[in-house]
1. Only one residue in 622, 597 is buried (at least 16 other Cβ atoms within 10 Å of the Cβ) and out of contact with any Lys or Arg (no Cβ under 7 Å at 6 or more places or on another chain), so which one is that?
2. Kindly evaluate residue 670 against the criterion of being at pLDDT 95 or above, surrounded by fewer than 18 Cβ atoms within 10 Å (Cβ to Cβ) and in contact with a Phe, Trp or Tyr (Cβ under 7 Å, 6 or more places away or on another chain).
3. Give the number of residues within the stretch 232-258 that are crowded, with 24+ Cβ neighbours inside 10 Å, charged (D, E, K, R) and in a helix (DSSP H, G or I).
4. In the stretch 708-738, which residues are part of a loop (DSSP other than H, G, I, E, B), without any contact (Cβ under 8 Å) to a residue 60 or more places away in the chain and of a type in the set (A, V, I, L, M, F, W, C)?
5. For the stretch 605-707, list the helices (runs of 4 or more DSSP H) that sit wholly inside it and hold at least 1 residues that are of a type in the set (D, E, K, R) and farther than 22 Å from residue 569 by Cα; which are they?
6. Here is a list: 572, 567, 561, 550. Which entry is modelled with pLDDT under 95, in contact with a strand residue (DSSP E or B) (Cβ under 8 Å, 6 or more places away or on another chain), aliphatic (A, V, I, L, M) and not assigned by the TED database to the domain that holds residue 659?
7. For residue 529, state whether it is farther than 25 Å from residue 271 by Cβ and either out of contact with any Pro (no Cβ under 9 Å at 6 or more places or on another chain) or crowded, with 24+ Cβ neighbours inside 10 Å (or both).
8. Could you give every pair whose Cβ atoms fall below 7 Å, whose first residue belongs to the stretch 525-540 and is over 19 Å from residue 446 (Cα atoms), and whose second residue is of a type in the set (Lys, Arg) and assigned to a helix (DSSP H, G or I), counting only separations of at least 6 or pairs across chains?
Amino acid sequence: MAVVEGRRTDRWGALNHAVTEQSNDALSADLRRLAAAHGVASDFWDFHGDRREVSPATVRAVLAAMGVSADTPENVAAALDEADLAPWRRTLPPCVVVRSGTAGSVAVHVPDGAEVRARVVLDGGAARTLTQQDDWVEPRDVDGKRIGRASFEIPDDLPLGWHEIVAEVGDVGALADGRARAPLAVTPATLELPELRDQLGGRAWGLMAQLYSVRSARSWGIGDFADLTELTGLAGEVGADFLLINPVHAAEPSPPVTPSPYLPVTRRFVSPLYIRPEEIREAAYLPNTQRTLLEWAAESVQQMNLDSGPLDRDAAWQEKKSALETIYAAGRSRSRQRELDRFRAEHGQGLEDFALWCAVKETYGDDERPWPLTEDATPAALTALRRELADRVNFHCWLQWIADEQLARAQRIARASGMRVGVMQDLAVGVHPAGADSWSMRHVLARGICVGAPPDMYNQQGQNWSQPPWRPDALAEAGYAPLRDLVRTVLRHAGAIRVDHIIGLFRLWWIPDGAGADEGTYVTYDHEAMVGVLALEAHLAGAVVIGEDLGTVEPWVRDYLSERGVLGTSVLWFEQADGRPLPAEDYRELVLATVTTHDLPPTAGYLAEEHVDLRERLGLLTEPAAQVRLAARVERERMLDAMRERFLLPSDPTERQIVEALHRYIAQTPSVLVGVSLADAVGERRAQNQPGTDTEYPNWKIPLADGGEQVVLVEDLPGNARFASLVTAITHELAERA
């Protein structure tokens, strides 16, 4: 990856350099140099503020996952030489990313003395000749050849988009055809926000919902895209400008279905669990017998819609999948088939690979036969497999087409209802280690590594998220196409994207297989390229980008993201100053401000200390319960004092009044976006997710209900007094501040 516009500085590397000037008996100087050359930290600061050295075993394992052998001093020396000479061995870097409005440069390596020319071929086909810069660099001896470097200026006025750099070398013998090519991404310097409501002072508010939990009387036991369509229409009618939903990435094609939306088998494609079968055009033309069977299948799971107990995804998907197979088998008109064919052609090999994985998973998943999608599977074997499972591959491609249609309708209704943004998609940080992406994208994912987090005050053993990370070197080698395609697909029918753990575009905590979560290390990414690609795809889609930057995030990262037009996130309970709630006027402007998050109980539950009660029941407290409960009460009272200081509460407030006061408080901040949890709006108390648990708590299975655990359906919301009162409170407060 070429850094071409002079703004990138490696803050992590500067820190490592500063602390590793000291003696380090555990890591040799050469091994530390090799780690630094590949962005691998040899030490870091822990949450106590102490410097922690990384073990040589961890450093070697992480390097090995990048294809770098460091098991002997001789291999370390050879790898250092390779890292030094690698850029000189290729004519052009694998990919070039620049910011619009800032001139950059690209280095071209050719035989010393050879004539070289360079140009940019724009995505529309036009070409721009590049000017060579006067910055002579001493040639290098590489593999017995004398190689020189020529630098060319990339103009600052190139249009935004994906282009191509072409270098032509006069010495044709240097290259097969005398030309080298590399993708060029010209990214926006700053993302612009859409035009928001004047009556709210150029700000906006919206709803946040866990889609699977939001059901209607016609749902198949779980919230779906038809419910999303109804909810967006309602949200627009009451003045909301966005609706943030959980990730709707695809899970397993057959039960058991992983409940967590943050551990999908792919991030590029959508879960067909959210399809509403009756909304498919072909369903209306089914013969009476099949139509009746479809209705019976729906009825068998629709009785679950009034149950406030944990959702049963497996039962819902089993019935829905059978109904979908019936509709699929009924066929479609020629014009509809052409639409499906165009969809498959547009999504290309990525869709075909995902559909093949799904077909193999449902066919071989629980079979005693060997799993056929191995790393050494030959092209001929894969072709034979596609032929064997052709009908199932077609079915899973069809599912994606139908899901895409229904998601598109939800966004159309959102915009038609007056929403300025519409659906805000959520992008999970990673994928299941045995999922579709882990197979089809194995060339850009690190093997033998899981992503996680080092120990902190809440997780003193660290966290292992069981997800393989991007390989920064392989991602650059692929021209960032996997990241581009991922973001492009997620934004296909959305007005905004929330990026979970956005610090992952800068660095990730890598944990070697078999090591404890506290035995990992940080690996840095080219954030200029990663954020640039994200910003470019968002610009092309006309979308807003929100980065989840909660927790320990260096100030310069937040400043950088703000400079690029990427909004941050602020959660009321986490915004503190000297142990007290941060004054509203001190909140950041370019953020999505909310009262709560899905990792906490809804606000009514939090006020009632549900988070303490639950962790005590599950044995998750690391301090005496009485001490934790006292701290929770002190926190709550300080928050209520802050509300009283702004005259937001009566003398003896009810729970509803407190919840509304907290939302009015975040409306008083300068934050450009304000989010309201649908669970807060109806008085729900139960948490959707309890970090640190697996089967001990029904994570991601809690349906929407009120404080008395009475189910609240989508059609109930217009007449729900608590919902209406909170909407009125926040819209009034925003209008007053305009």
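The values are calculated or read from the model by the stated rules, or taken from the named source; none is laboratory data. Quick caveat: nothing in here was measured; it's all calculated off a predicted structure. Cβ sites come from the backbone with ideal geometry, for glycine too, and all protein chains shown count toward neighbours.
1. The match here is 597.
2. So residue 670 passes the test.
3. Count: 0.
4. 712
5. Result: 610-617, 625-645, 655-667.
6. Only one candidate qualifies: 550.
7. Values: farther than 25 Å from residue 271 by Cβ: yes; either out of contact with any Pro (no Cβ under 9 Å at 6 or more places or on another chain) or crowded, with 24+ Cβ neighbours inside 10 Å (or both): yes.
It is true that residue 529 is farther than 25 Å from residue 271 by Cβ and either out of contact with any Pro (no Cβ under 9 Å at 6 or more places or on another chain) or crowded, with 24+ Cβ neighbours inside 10 Å (or both).
8. As it stands, the answer is 533/484; 537/484; 537/488, since those pairs meet every condition given.
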